[in-house]
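Student: Quick one: the structure is below, questions incoming.
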Amino acid sequence: DLNYDVCIVGAGLSGAVLAERYANVLHKKVVVIEKRSHIGGNCYDYVDEQTGILMNLYGAHLFHTDSEKVWRYVNQWHEEVPWIRWDHEVRAVVDGKLVPVPVNINTVNSLFGLNFRNTSEMTSWLNSIQKKCDGNCANAKEMAESRVGSVLFQKIFASYTKKQWDKDASELEPLVTARIPVRNDFDQRYFSDRFQALPKHGYTKWFERILRSDKITVQLNTDYFALKDLKCGKTFFTGPIDSYFSKEGLPKLEYRSIRFEKTVLRNSGFFQPASVVNYPEPNVPFTRIVEYKHFLWQKSDFTVIVKEFSTDDGEPYYPVPKKTNIALYDKYKELANEAEKKSSIFFVGRLATYKYINMDRAILLALEMFEKIENRTR
Ligand code: FAD
Ligand code: NA
C-alpha cells in the first residue's frame, strides 16, 4: 500500500527527525525513502570488521551544540542510546611541528619561538598582527588575515583552503573564513560549545532508535525519483535541490567532495596523538588524517587511519561558496517556493537548501519546520 500521511526523502538527520516527530507526536503514518543501503545519511557509522573499530563512512562527525533544545532532543532516548561527553581536539602539522588547532597560545609559542604566558600577552600580540577589514573584507583571504594576520594565514590557512576548495582564498567569499576561531588562552578544544558528545553506541544505533516506531516504514535502496505510485499527504525532500528540479534546464549546483583512503595498521597504540591531524601544507596532497580509535577511547590490536583528499567529483559534500553558485541556488529556491505552495512539498536539510549545516543546526531546522507547519511547539 503506497499511501502515507507523510513521505520523507532521505534517512539522514533532517529526514529522521521529521519522521520521528510526525510518528511520535502526531501519530502519522510515515515512509522514509532512502537511496543508499543504510540510514543515517552522512552521519552513518559502522564497526569495521577486521579491527572492531567504530568508524564513520563519510568522515568524522563530532556533535556539538549550544542549544538546550537540541541537546534535550538528542538525549530523549538516553537509556538505550546515551551520549558521552567528548571534547574534540585537533592538531596540525606545520613547519614539522605538531601544534594545536584552533590557534591558541601554545600554537603561537611553538611556531614563533615566543613565550606568552597569559591572555593579555596573547591578545595584544593578536591585535598587533590582525589586518582589520571590519565589515569590508572583500574575500576569504582578507577575512582570514583580519583574524590571524598574514603569517599565520600563510602557514595554516592559505594552502589548506586551496586544497579544500581548489581555489585561492582570494577567490572565495569572506564567509568561508569568517568563523576561524582564535583562542587567546591555552584552551585546546576544537569547539567551545556547551554540549559536545558522541553517541556511545554510534550514530547509526541512535538513528535506529529514533526511527523505531510502528508508524514509520524505512525503505532503503530506493531512489525517490524511480517511484511511481507513491501517494503522500505531505512530502519532505532532503536530497539535492538541483536533482529535484533537474528538468527545469538550470545548470547543476557545484559541490566539493572528499575521497577517503583507509589504511589498517597493526598497532595496539595510536598512530597520531589526536583523532584528527590537519595537514595544511601544500606539499602534502591530503587535508587531514582521522584516526577513529581515539573516539571514546576504543581498544583494538589494530588502528585505522583515513586520509581525506578533496575532490571535484563524488558524493556532494560542501556547497562551493562563490557568488555565482549562491545566485544559482536562489533560482532553485524560487522553484522550491512555487512547488511548496502548489503541492505540499517541503525542502529541508543541507542538500535541499545548498548550505553547509552542522548536525545540531540540521536537527533544529527540522524541529522548527515541523513546529511551523503543524503549528506546534514542544
Ligand atoms: P544527509 O545526511 O546528506 O541526508 C540526506 C539523505 O538523502 C542521504 O542519505 C541521501 O542518500 C538521501 N537522498 C538524496 N537523494 C535521494 C533520492 N533521490 N532518493 C532517496 N534518498 C535520497 N556536522 C557536525 O555537526 N559535526 C561534524 O563533525 C560534521 N562533520 C561532517 C563531515 C563531512 C565530510 C560532511 C559532509 C558533513 C559533516 N557534518 C558535520 C554535517 C552533517 O553531516 C550534516 O549536518 C547532516 O548530515 C545533515 O543531514 P541531512 O539529513 O540534511 O543530510
Ligand atoms: Na568534522
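The values are calculated or read from the model by the stated rules, or taken from the named source; none is laboratory data. Here the structure is a predicted model, which means the values were calculated and not measured. With ideal geometry, Cβ positions are generated from the backbone for all residues, glycine too; neighbour counts draw on all protein chains shown. Just so you know, the surface numbers come from the protein's heavy atoms only, side chains and all, with ligands and any DNA or RNA stripped out. Shrake-Rupley method; radii C 1.70, N 1.55, O 1.52, S 1.80 Å.
Student: For the range 339-356, name all the residues that are surrounded by fewer than 17 Cβ atoms within 10 Å (Cβ to Cβ) and either of a type in the set (V, I, T) or under 28 Å from L198 (Cα atoms) (or both).
Tutor: Correct list: K355, Y356.
Student: In addition: What pairs come up if the first residue lies in the range 224-241 and is in contact (Cβ under 8 Å) with a residue 40 or more places away in the chain and among the β-branched types (V, I, T), the second is within 10 Å of ligand 1 (Cβ to nearest atom) and assigned to a helix (DSSP H, G or I), and their beta carbons are under 7 Å apart, counting only those six or more places apart or on different chains?
Tutor: Listed pairs, sorted by first residue: T238/S14; T238/G15.
Student: Answer with yes or no whether L351 is assigned to a helix (DSSP H, G or I), in contact (Cβ under 8 Å) with a residue 24 or more places away in the chain and within 16 Å of ligand 1 (Cβ to nearest atom).
Tutor: Criteria not met by L351.
Student: Just checking, how many residues over the range 156-175 are open to solvent by 50 Å² or more (accessible area, probe 1.4 Å) and either in contact with an Asp or Glu (Cβ under 9 Å, 6 or more places away or on another chain) or closer than 15 Å to P285 by Cβ (or both)?
Tutor: Going through the range 156-175 one residue at a time, the tally reaches 3.
Student: When you scan the range 183-238, how many residues do you find that are aliphatic (A, V, I, L, M) and surrounded by fewer than 17 Cβ atoms within 10 Å (Cβ to Cβ)?
Tutor: 4
Student: Six or more apart or on different chains, Cβ under 6 Å: which pairs go from a residue in the range 261-274 that's closer than 28 Å to G314 by Cβ to one that's at pLDDT 95 or above and among the basic types (K, R)? Could you list them?
Tutor: Pairs found: E261/K307; A274/R91.
Student: Six or more apart or on different chains, Cβ atoms under 9 Å: show the pairs whose first residue is in the range 41-60 and in a loop (DSSP other than H, G, I, E, B) and within 11 Å of ligand 2 (Cβ to nearest atom) and whose second is open to solvent by less than 40 Å² (accessible area, probe 1.4 Å) and hydroxyl-bearing (S, T, Y).
Tutor: Final answer for the pair search is Y58/Y317; G59/Y317; A60/S275; A60/Y292.
Student: Next up: Looking at (1) within 14 Å of ligand 1 (Cβ to nearest atom); (2) under 30 Å from F237 (Cα atoms), find the lone condition where I326 falls short.
Tutor: (1)
Student: From the list L328, L365, which one is under 25 Å from L230 (Cβ atoms) and either among the aliphatic types (A, V, I, L, M) or open to solvent by less than 30 Å² (accessible area, probe 1.4 Å) (or both)?
Tutor: Exactly one residue qualifies, and that residue is L365.
Student: Among the candidates L265, L367, single out the residue that is in contact with a helix residue (DSSP H, G or I) (Cβ under 7 Å, 6 or more places away or on another chain) and modelled with pLDDT of 95 or more.
Tutor: Matching residue, one of L265, L367: L367.
Matching residues to (1) among the β-branched types (V, I, T); (2) open to solvent by 50 Å² or more (accessible area, probe 1.4 Å):
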residue: K247; (1), (2): no, yes
residue: Y255; (1), (2): no, no
residue: S268; (1), (2): no, yes
residue: P282; (1), (2): no, yes
residue: L296; (1), (2): no, no
residue: I305; (1), (2): yes, no
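Student: So in the range 287-310, with the set limited to residues that are touching a residue at least 40 places away in the same chain (Cβ under 8 Å), outside any strand (DSSP E or B) and within 16 Å of ligand 2 (Cβ to nearest atom), which one is nearest to Q154 (Cα to Cα)?
Tutor: Here the answer is T287.
Student: Out of all the residues in the range 25-73, which are over 19 Å from G349 (Cβ atoms) and surrounded by fewer than 16 Cβ atoms within 10 Å (Cβ to Cβ)?
Tutor: Those that are over 19 Å from G349 (Cβ atoms) and surrounded by fewer than 16 Cβ atoms within 10 Å (Cβ to Cβ): V25, L26, H27, S37, Y46, V47, E49, Q50, G52, D66, E68, R72.
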